[in-house]
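Novice: My structure is below; once you've seen it, I'll send some questions.
Nothing in this text is a laboratory measurement; each read-out follows from the coordinates by a stated rule. Only a predicted model underlies this, so the values are computations on that prediction, with no experimental measurement involved. Positions of Cβ are generated from backbone atoms using ideal geometry, with glycine treated the same way; all protein chains shown enter the neighbour counts.
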Amino acid sequence: MSQFVYEKTYGASPGEDMVYDLEALINSYNGEQSVGCVKIGREHGRIAIAAFTLLMRRLHEGHRQSGELVVVDASSGMDKYDCRVSLISTHSVAGGLPFGCLITTLESRETLTLALTLYNSIIPEKAYFGCGAEGPEQCWRTRDQSRSCHQSRSGDQF
């Protein structure tokens, strides 16, 4: 009885049922928004989710700084499943403005690539202030204070 109450309140336990419930929730949300704002992908047992809100969509298209600089700030251990949450943001005079979110089960290159591929498939055509799929001029990814990764549009990485 307690397992039934738990699943009704919090959803399915980890595993295939939980992923199925999550996919159903994402499909329902996308239907309500009339635009695909969230996408989930699975590859080799890894799960990646890319999401943005309608306000984030407006930032992509109308905020000049989104075509100049993007920061992908990674964190880990956000829930009992140890998922990683990466917030995609850009700068403004008021501070950082979020315009995307990636949730992954691992912080491997393959999983992050899957998440970013999903994200690029749901952003608008005029994303990054008209740069589109080419992306911003500069992208910074933070993992912790001691390490960071920078990549420019030309592909230079340091």
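Novice: Evaluate E = 1/(1 + (r/R0)^6) for Thr105 and Gln33, where r is the Cβ-Cβ distance and R0 equals 22 Å; express this FRET efficiency to the nearest 0.05.
Specialist: The formula returns an efficiency of 0.35 here.
Novice: I've got another one for you. Would you be so kind as to identify which of Tyr29, Gly67, Ala48 lies farthest towards the positive end of the dipole of the range 16-73, taking Lys and Arg as +1 and Asp and Glu as -1 on Cβ and the Cα centre as origin?
Specialist: Gly67
Novice: Evaluate the charge dipole of the range 23-130 about its Cα centre and quote only its size in Debye, nearest 20, assuming +1 on the Cβ of each Lys and Arg and -1 on the Cβ of each Asp and Glu.
Specialist: 120
Novice: For the range 37-100, what ratio Rg/Rh do Cα atoms give with a Kirkwood hydrodynamic radius?
Specialist: We get a ratio of 1.03 for the range 37-100.
Novice: How would you rank 55-68, 82-95, highest first, on the average number of other Cβ atoms within 10 Å across their residues?
Specialist: 55-68, 82-95
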